[in-house]
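Note sheet for the following structure.
The values are calculated or read from the model by the stated rules, or taken from the named source; none is laboratory data. Because the structure is predicted, anything quoted here is derived from the model rather than measured. Cβ placement follows ideal geometry from the backbone for every residue including glycine, while neighbour counts extend to all protein chains displayed.
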C-alpha cells in the first residue's frame, strides 16, 4: 500500500471546518465527490465503529466498515478501515478485504494565520490511487465551499 496526502487551506476556524467535515448534513454534501448519496452511520468517538455508506444503482447498500482510532476534537481524527459492506453485509475476512484491511485515513486540522489547513493522509492500494487522486481534490473543494459560505 502507498500513503497519499492532500491538503487545502480554508478561510474558517478549525471548529467550523471540523463541524462541517463531520456533521451529518454537511458530510453528505462534501462526500458526494466520492459517491452521490454518501452518508455515515455510527459515531466519530474514539473506539467507535462507523459505517460509510451509499446505495448502488440497484439500491443495495455498499461501503466501508471502520473504527475511529483517534479523535482529538478540532485537530485530528484517524479512521481505521477494517472491512467492506456489500449488499448491506459486512465483510472483514475475504481475500479482497485482506489486501487493505487495517489501512488508515487521517484528517489533521492546523491553524494557518486565521485560516485552517486540512490535511488528509491515507493508505491506498495501487489500484485505487489514481481514483483517489481525482476524487479527493474535488471533495476538499466542496468542503472549502461549505465552510466559506
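Structure notes:
- With respect to (1) surrounded by 18 or more Cβ atoms within 10 Å (Cβ to Cβ); (2) in contact (Cβ under 8 Å) with a residue 60 or more places away in the chain; (3) under 13 Å from the mean Cα position of the chain (by Cα), the lone exception for residue 10 is condition (3).
- Among the residues of the range 47-57, none is identified as in contact with a strand residue (DSSP E or B) (Cβ under 6 Å, 6 or more places away or on another chain), in a loop (DSSP other than H, G, I, E, B), at pLDDT 95 or above and over 26 Å from residue 147 (Cβ atoms).
- Residues of the range 97-116 satisfying the condition of being over 16 Å from the mean Cα position of the chain (by Cα) and either surrounded by 15 or more Cβ atoms within 10 Å (Cβ to Cβ) or assigned to a strand (DSSP E or B) (or both): 97, 110, 111, 112, 115, 116
- Test: residue 68 is surrounded by 17 or more Cβ atoms within 10 Å (Cβ to Cβ) and touching a residue at least 40 places away in the same chain (Cβ under 8 Å): no
- Of all the criteria given as (1) in contact (Cβ under 8 Å) with a residue 24 or more places away in the chain; (2) touching a strand residue (DSSP E or B) at 6+ places or on another chain (Cβ under 9 Å); (3) surrounded by fewer than 16 Cβ atoms within 10 Å (Cβ to Cβ); (4) more than 21 Å from residue 67 (Cβ to Cβ), the one not satisfied by residue 138 is (2).
- In the set (1) over 23 Å from residue 84 (Cα atoms); (2) out of contact with any strand residue (DSSP E or B) (no Cβ under 7 Å at 6 or more places or on another chain), residue 12 fails one condition alone, (2).
- Residue count for the range 58-84 satisfying the condition of being farther than 18 Å from residue 122 by Cβ and not in a strand (DSSP E or B): 5.
- Residues satisfying the criterion are present in the range 85-92 (criterion: in contact with a helix residue (DSSP H, G or I) (Cβ under 6 Å, 6 or more places away or on another chain) and part of a strand (DSSP E or B)).
- For the range 119-149, a residue qualifies if it is under 12 Å from the mean Cα position of the chain (by Cα) and either within 21 Å of residue 16 (Cβ to Cβ) or part of a helix (DSSP H, G or I) (or both), and the qualifying residues are 119, 120, 132, 135, 136, 139, 140, 143.
Yes/no per residue for (1) more than 18 Å from residue 135 (Cα to Cα); (2) at pLDDT 95 or above; (3) surrounded by 15 or more Cβ atoms within 10 Å (Cβ to Cβ):
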position: 21; (1), (2), (3): no, yes, yes
position: 30; (1), (2), (3): no, yes, yes
position: 34; (1), (2), (3): no, no, yes
position: 44; (1), (2), (3): yes, yes, yes
position: 59; (1), (2), (3): yes, no, no
position: 63; (1), (2), (3): no, no, yes
position: 73; (1), (2), (3): yes, yes, no
position: 88; (1), (2), (3): yes, no, no
position: 95; (1), (2), (3): yes, no, no
